[in-house]
1. Could you please let me know if Glu250 is surrounded by 21 or more Cβ atoms within 10 Å (Cβ to Cβ), assigned to a helix (DSSP H, G or I), of a type in the set (Asp, Glu) and in contact (Cβ under 8 Å) with a residue 12 or more places away in the chain?
2. If I ask for residues that are among the basic types (Lys, Arg) and surrounded by fewer than 15 Cβ atoms within 10 Å (Cβ to Cβ), which ones from the range 170-222 would you list?
3. Quick one: count up the residues across the range 430-465 that are open to solvent by less than 40 Å² (accessible area, probe 1.4 Å), among the hydrophobic types (A, V, I, L, M, F, W, C), at pLDDT below 95 and outside any strand (DSSP E or B).
4. Scan the range 568-577 and tell me whether some residue there is over 30 Å from Glu515 (Cα atoms), touching a residue at least 12 places away in the same chain (Cβ under 8 Å) and touching a strand residue (DSSP E or B) at 6+ places or on another chain (Cβ under 6 Å).
5. Search the range 596-624 for residues being touching a strand residue (DSSP E or B) at 6+ places or on another chain (Cβ under 9 Å) and among the small types (Gly, Ala, Ser), and hand back the single one that is surrounded by the fewest Cβ atoms within 10 Å (Cβ to Cβ).
6. Test of understanding: among Ala413, Ala409, which residue is in contact with a Pro (Cβ under 7 Å, 6 or more places away or on another chain) and in a helix (DSSP H, G or I)?
7. Is it true that Pro551 is out of contact with any helix residue (DSSP H, G or I) (no Cβ under 8 Å at 6 or more places or on another chain), at pLDDT 95 or above and part of a loop (DSSP other than H, G, I, E, B)?
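The values are calculated or read from the model by the stated rules, or taken from the named source; none is laboratory data. Since the structure is predicted, the reported quantities are computational estimates derived from the model, not experimental observations. When we count neighbours, we look across all protein chains shown, and the Cβ atoms used for this are built from the backbone with ideal geometry, even at glycine. The protein model used for the area step is the full one, side chains on, heavy atoms only, and it has no ligands, DNA or RNA in it. Shrake-Rupley method; radii C 1.70, N 1.55, O 1.52, S 1.80 Å.
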Amino acid sequence: MSPAPTTPSTPRTPEETAAYLASAPANPAGLPTAYEHGGRLTAPGTAVDPILVEIVQGTLASVEMEVETAIARTSRSPMIRDAHDFRAGIHDRQLRKLTGRSYSALVHPIVRDFPIDEMHEGDVFFHNDVYESEGGIGHLPDLCVTVPVFHDGEVVAFVQAFGHHDDIGGAVPGSMPSNARTVFEEGLSVPPIKLWDSGVPNRAALRIMTRNSRMPDSLAADLDAECSACLMGARRLGELFARYGRDTVEAAFDAILDATTETYRREVLDRIPDGTYVWEDYAEHDGVDEPMLHTQRITLTKTSTGGPGPGDGGPRLVIDFTGTGPQAKGPINHCGDYVGGNFLVKWLAPVLRNLADSPERMAELDVNEGVVPLIEMRFPEKGTLLTPVYPAPTNARTFVILRLLGVLAGVVAKAVDGRMPADQETIRYTGVYGKDADGEDYLMREVLGGGSGGRYYADGEDTIHVVPDSRNLPTEFTESRFPFRVERLGLAVDSGGAGRYRGGLGYEKHLRMLEDAHFMSIADRSILACWGVKGGKAGRPFEVTVDLGGPDERVVDALADAEPVRAGQLIRIRTTGGGGWGDPLERPYDEVERDLRWGKVSFEGAERDYGVLATGTKDEPVLDVAASDALRAGRRSARGEEPFFDRGPGYARLAGGATSADVDWL
């Protein structure tokens, strides 16, 4: 793989810039990378009023939120408007992400193909091509719009939004065929184009995109909402530059990123002992081959020197993905090895916040471009799950990038004696499609969350989603628009992994179909459960049952494009529970009793998972403390040495009967 261009510590002269651009290597897709990125806007040590830095930082957050609010209020599709599966980002002219509330795509492919000095006010750029996105777009339904911000006729920043749209063509409704073997089956790929030119929309390009979609009206409305919102955000940022001047605002940008770098160096990386640590986890299926272990491995090396800071005194992390499994035939690949793994650095870095001094401090830490200098990414050769070769399919790449969050948490847990949360898996796509009572085509997609992992200080959270502000679809909305009833939406009892701190619970949702339809699912963790750590047990896996309680009751594969469902049949969807943290036999009796009262743990589960015997009712459980003490004592004496991680019973099915991997032991 060609190395990423190095970034300067001070602004370059025009001659230095020309030499840099002339020598820039090609990226892994073979595309030119003749653009400058990642450098500072001002010299190190440039003075800037700290109060002004706060004002600029607050304005950036306000503009980002205003853009997202505008999109949510003016879009049309359920995925964007109601599920909120989109996000905005603000970047400087060196393409550095300035905001940290959420991850975002990259500006790099736009500047690569459209030189900054040729951009005009009112331009809107568009792309969704996975292999030409420099790693910022993972699958084709994620459509990205980018708007340059101008001050005194020059580009000074960028506002960007990308989100998951209903349908962009391809072999199946929703553009996520579970058994795709190439990107050509997944929908329309659009490399970076100018969608609006100086305020004038490219009607031909819009017509091509909508013509390829099964939901053209929603697609057109969503794109219009995103373009308009980003143009509005660009005007707001232009006002910031007009008020304070370019030099002052850019000095504040550098100060914001410098503060993030220093904070993570001091409060996060310093918590990891120097050394090298290895762990791996797995996706379980790719939609083409039979279920198997698709490995994602991280070798983490922490050194106390080599990072930013005075001299070479700052800590540094190296995340090496060598040992990651081969490129899959099916669509679980992710293009991670672009611009030095820039997208993946910012995707993975939020995991490290768990090392902060307190949950309150953890919530205060943003992830922006300031984390990039602290982390070096090393990728294996082309042809792996993280370095796929075009045209490998990618629509279910969530199986890989979500798993990488857990692999990083696990490898850090080995370094810090478990002071990290247990595993979670909080994205899966489910839905139904067909014709309604009027004979009109419909498509309902939903991204249901799951339980987060137990932590060293608290239980996991129930029914969360990794995408900020995302949510389940409102029952009132779906029942009025689609031909089904929501008969139940609640917590999946006993789904959280047992532990001193229990894993969070997943959803249980029941849909009663009113018309014949087809069910679809793009989900992982139906065999391999969310792992528990330091004595904690794995959570319950994902499961979908069709015709629950009926004569044709059956469990549906987690990767399904067109499972037939008849009118009147009930679909039960149970999402994953988070892994547990710590020994479940150490969970206090009063917390088990509380779980019984809240209905999060059944009476059977209390005995099976926690060694707690109880009678009575859910509202008035009665614990037999003496019998529970004896039961717990017997279980402690009977068990032998256990691995640091518990993967649940499904692992043995795919690992030839093994109950743990070599890397699971300290």
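1. yes
2. Arg203, Arg207, Arg211
3. Residues in the range 430-465 being open to solvent by less than 40 Å² (accessible area, probe 1.4 Å), among the hydrophobic types (A, V, I, L, M, F, W, C), at pLDDT below 95 and outside any strand (DSSP E or B): 1 in total.
4. No, the range 568-577 contains no residue that is over 30 Å from Glu515 (Cα atoms), touching a residue at least 12 places away in the same chain (Cβ under 8 Å) and touching a strand residue (DSSP E or B) at 6+ places or on another chain (Cβ under 6 Å).
5. Checked the range 596-624; the qualifying residue surrounded by the fewest Cβ atoms within 10 Å (Cβ to Cβ) is Gly616.
6. None of the others qualify; the one that does is Ala409.
7. yes
Here is a yes/no grid of residues against (1) acidic (Asp, Glu); (2) in a loop (DSSP other than H, G, I, E, B); (3) surrounded by 24 or more Cβ atoms within 10 Å (Cβ to Cβ):
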site: Gly323; (1), (2), (3): no, yes, no
site: Gly336; (1), (2), (3): no, yes, yes
site: Val351; (1), (2), (3): no, no, no
site: Asn354; (1), (2), (3): no, no, no
